[in-house]
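Colleague: Please find one structure pasted underneath; my questions will follow.
The values are calculated or read from the model by the stated rules, or taken from the named source; none is laboratory data. For clarity, every value in this text was computed on a predicted model and none was experimentally measured. Reconstructed Cβ throughout: ideal geometry from the backbone, glycine too, with neighbour counts over all protein chains shown.
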């Protein structure tokens with residue numbers, strides 16, 4: 001083990017624990033469900049920007065994305081920039097209207113919003129099970145990324161690192177709740193920004209400058225500096241698919257959408273859009289460029305996902321490496337805690353309380369169930385991550401696509417199409433989930449498009465068609481499980 005790297009990391013984890021303890025104390029103020037899962041809707045603009053950005057940017061962006069840039073070249077760096085409008089789209093399309101309706105319905109989860117809009121228990125059950133299934137895949141990716149980071153950069157064996165990482169995440173999420181999540185997100189966003197600047201500067205310096213680095217890439221493989229990337233993977237259909245999957249489709253991600261119902265006021269939204277877009281631009285460009293240029297420093301990695309952890313060791317002194325190690329760890333931890341909270345909220349609010357609504361005001365019981373569910377999920381993810389694949393980016397995108405295929409149209413059309421009804425929404429969910437599962441499991445790409453594109457098209461058609469066969473629905477005056 002490398003003590004010079006591990007000690008700053010331990011200090012960082014202690015700071016995370018401190019914020020969680022603070023959040024536990026704040027939790028005594030107000031209703032448990034609203035405080036634990038939404039932080040009493042008190043986020044300002046800076047915190048909103050950081051939590052939305054760090055929730056969206058994950059192991060795929062700090063580990064998998066740079067790994068793909070290492071393998072496919074500078075073209076992948078440009079490809080990553082299609083994600084820049086993600087924060088603007090999420091807050092712009094959902095934003096104010098979503099938050100106003102959430103307050104009217106006293107909604108705590110995304111499925112609360114769907115029930116209040118469509119008034120269909122069957123739709124909520126299908127949405128809940130779909131969310132839990134996809135989140136298990138998405139969170140497994142984050143666990144793998146965290147363990148690989150500790151393995152390569154700190155010299156901790158993969159399985160030992162996985163245990164350390166999973167226990168830390170499960171504990172601080174279980175006991176700190178949403179407030180701990182967003183406070184840590186704000187701190188983690190700053191750590192990610194500082195770390196990205198440090199690493200990119202060090203990589204460019206170690207490569208001999210940008211001009212020299214690009215020349216070296218060309219000598220290794222001319223396709224590394226071509227727009228199409230190695231093997232011409234970045235075709236127009238791939239670009240279109242990627243834009244839908246990691247930009248437009250992000251609107252339908254539950255852990256992103258729930259951030260849009262937990263901010264304080266409209267001023268926070270405006271600041272969040274500006275700051276969040278800037279942060280996404282810096283992090284995406286900086287990390288992917290570091291991954292691509294890392295090929296000139298370490299040209300023979302057998303597992304591309306190891307490029308960032310390996311670069312940390314090669315281009316930074318031990319203390320700086322330990323400080324920077326907190327940056328990708330932050331990206332991973334912030335995404336996992338958001339997804340763990342959403343999973344816990346789904347089990348408690350959308351499943352348990354729909355069967356046992358009489359416990360809606362039993363705060364001690366709900367508190368215990370929420371913490372236990374979070375810890376159990378952590379153990380399940382630990383088992384799922386025990387045998388990792390070589391490149392985690394594909395598994396992460398697979399899980400992202402599943403969530404988008406289920407939630408995007410029921411969410412967006414439910415907000416903006418007054419005549420949308422439960423029949424159309426449920427038809428859309430089933431068609432999107434079924435099409436995506438079939439195409440992804442068989443590795444089929446119709447006309448060269450990623451499965452998300454035909455799945456979203458089919459789910460949209462199913463929504464419009466099903467809408468004509470169901471009765472018109474009016475939004476409920478409030479969620480039946482309102483707190």
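Colleague: I'd like the full set of residues that are over 16 Å from residue 235 (Cα atoms) and touching a helix residue (DSSP H, G or I) at 6+ places or on another chain (Cβ under 6 Å), limited to region 453-464. Working first, answer last.
Modeller: Residues of region 453-464 over 16 Å from residue 235 (Cα atoms): 454-464.
If the condition is that a residue be over 16 Å from residue 235 (Cα atoms) and touching a helix residue (DSSP H, G or I) at 6+ places or on another chain (Cβ under 6 Å), then 454, 455, 458, 459, 460, 462, 463 are the ones that fit.
Colleague: Which of the numbered conditions does residue 107 fail, given that it passes all the others? Conditions: (1) over 22 Å from residue 245 (Cα atoms); (2) modelled with pLDDT of 75 or more.
Modeller: Of everything listed in (1) over 22 Å from residue 245 (Cα atoms); (2) modelled with pLDDT of 75 or more, residue 107 misses just condition (2).
Colleague: I'm trying to understand the selection: among the residues of region 76-106, which are in a helix (DSSP H, G or I) and either more than 21 Å from residue 278 (Cα to Cα) or out of contact with any helix residue (DSSP H, G or I) (no Cβ under 8 Å at 6 or more places or on another chain) (or both)? So that I can check it myself, show each step before the final result.
Modeller: Of region 76-106, the ones in a helix (DSSP H, G or I) are 76-83, 86-105.
Across region 76-106, the qualifying residues are 78, 97, 98, 99, 100, 101, 102, 103, 104, 105.
Colleague: Let me ask something additional. Of the conditions (1) surrounded by 22 or more Cβ atoms within 10 Å (Cβ to Cβ); (2) more than 22 Å from the chain's Cα centre (by Cα), residue 144 satisfies every one except a single condition; which number is it?
Modeller: (2)
Colleague: Is region 265-280 home to any residue that is outside any helix (DSSP H, G or I) and over 20 Å from residue 200 (Cβ atoms)? Explain how you work it out, then say what you get.
Modeller: Going through region 265-280, the residues outside any helix (DSSP H, G or I) turn out to be 265.
Then drop every residue that is not over 20 Å from residue 200 (Cβ atoms), which leaves 265.
Within region 265-280, one or more residues are outside any helix (DSSP H, G or I) and over 20 Å from residue 200 (Cβ atoms).
Colleague: For region 274-286, state whether one or more residues are closer than 22 Å to residue 101 by Cβ and either free of Cβ contacts under 8 Å to residues at least 40 places away in the same chain or out of contact with any strand residue (DSSP E or B) (no Cβ under 8 Å at 6 or more places or on another chain) (or both).
Modeller: Here is the first cut: in region 274-286, the residues closer than 22 Å to residue 101 by Cβ are 276.
Keeping just the survivors that are either free of Cβ contacts under 8 Å to residues at least 40 places away in the same chain or out of contact with any strand residue (DSSP E or B) (no Cβ under 8 Å at 6 or more places or on another chain) (or both) gives 276.
For region 274-286, residues closer than 22 Å to residue 101 by Cβ and either free of Cβ contacts under 8 Å to residues at least 40 places away in the same chain or out of contact with any strand residue (DSSP E or B) (no Cβ under 8 Å at 6 or more places or on another chain) (or both): present.
Colleague: Residues 307, 274, 282: which one is touching a helix residue (DSSP H, G or I) at 6+ places or on another chain (Cβ under 8 Å) and buried (at least 21 other Cβ atoms within 10 Å of the Cβ)?
Modeller: Values: 274 fails: buried (at least 21 other Cβ atoms within 10 Å of the Cβ); 282 fails: buried (at least 21 other Cβ atoms within 10 Å of the Cβ).
Unique residue meeting the criteria: 307.
Colleague: Has region 450-461 got any residue that is more than 20 Å from residue 114 (Cβ to Cβ), within 22 Å of the chain's Cα centre (by Cα) and in a helix (DSSP H, G or I)?
Modeller: yes
Colleague: Which of the following residues is in a helix (DSSP H, G or I) and either at pLDDT below 75 or touching a strand residue (DSSP E or B) at 6+ places or on another chain (Cβ under 6 Å) (or both): 66, 8? Please lay out each step first, then the result.
Modeller: Numbers: 66 fails: either at pLDDT below 75 or touching a strand residue (DSSP E or B) at 6+ places or on another chain (Cβ under 6 Å) (or both).
Of 66, 8, the one residue that is in a helix (DSSP H, G or I) and either at pLDDT below 75 or touching a strand residue (DSSP E or B) at 6+ places or on another chain (Cβ under 6 Å) (or both) is 8.
Colleague: Residue 240: more than 30 Å from residue 414 (Cβ to Cβ) and either touching a strand residue (DSSP E or B) at 6+ places or on another chain (Cβ under 6 Å) or part of a helix (DSSP H, G or I) (or both), yes or no?
Modeller: Values: more than 30 Å from residue 414 (Cβ to Cβ): no; either touching a strand residue (DSSP E or B) at 6+ places or on another chain (Cβ under 6 Å) or part of a helix (DSSP H, G or I) (or both): yes.
Criteria not met by residue 240.
Colleague: Which residue out of 149, 163, 131 is surrounded by fewer than 24 Cβ atoms within 10 Å (Cβ to Cβ), assigned to a helix (DSSP H, G or I) and touching a residue at least 60 places away in the same chain (Cβ under 8 Å)? Full working, then the answer.
Modeller: Numbers: 149 fails: surrounded by fewer than 24 Cβ atoms within 10 Å (Cβ to Cβ); 131 fails: surrounded by fewer than 24 Cβ atoms within 10 Å (Cβ to Cβ).
Of 149, 163, 131, the one residue that is surrounded by fewer than 24 Cβ atoms within 10 Å (Cβ to Cβ), assigned to a helix (DSSP H, G or I) and touching a residue at least 60 places away in the same chain (Cβ under 8 Å) is 163.
Here is a yes/no grid of residues against (1) assigned to a loop (DSSP other than H, G, I, E, B); (2) at pLDDT 90 or above; (3) within 18 Å of the chain's Cα centre (by Cα):
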position	(1), (2), (3)
289	no, yes, no
307	no, no, no
314	no, no, no
332	no, no, yes
337	no, no, yes
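Colleague: Considering only region 421-449, how many residues are outside any helix (DSSP H, G or I) and modelled with pLDDT under 90? Steps first, answer last, please.
Modeller: Of all residues in region 421-449, those outside any helix (DSSP H, G or I) come to 421, 442-445, 449.
When the remaining residues are screened for being modelled with pLDDT under 90, the result is 442-445, 449.
Summing the residues that are outside any helix (DSSP H, G or I) and modelled with pLDDT under 90 in region 421-449 gives 5.
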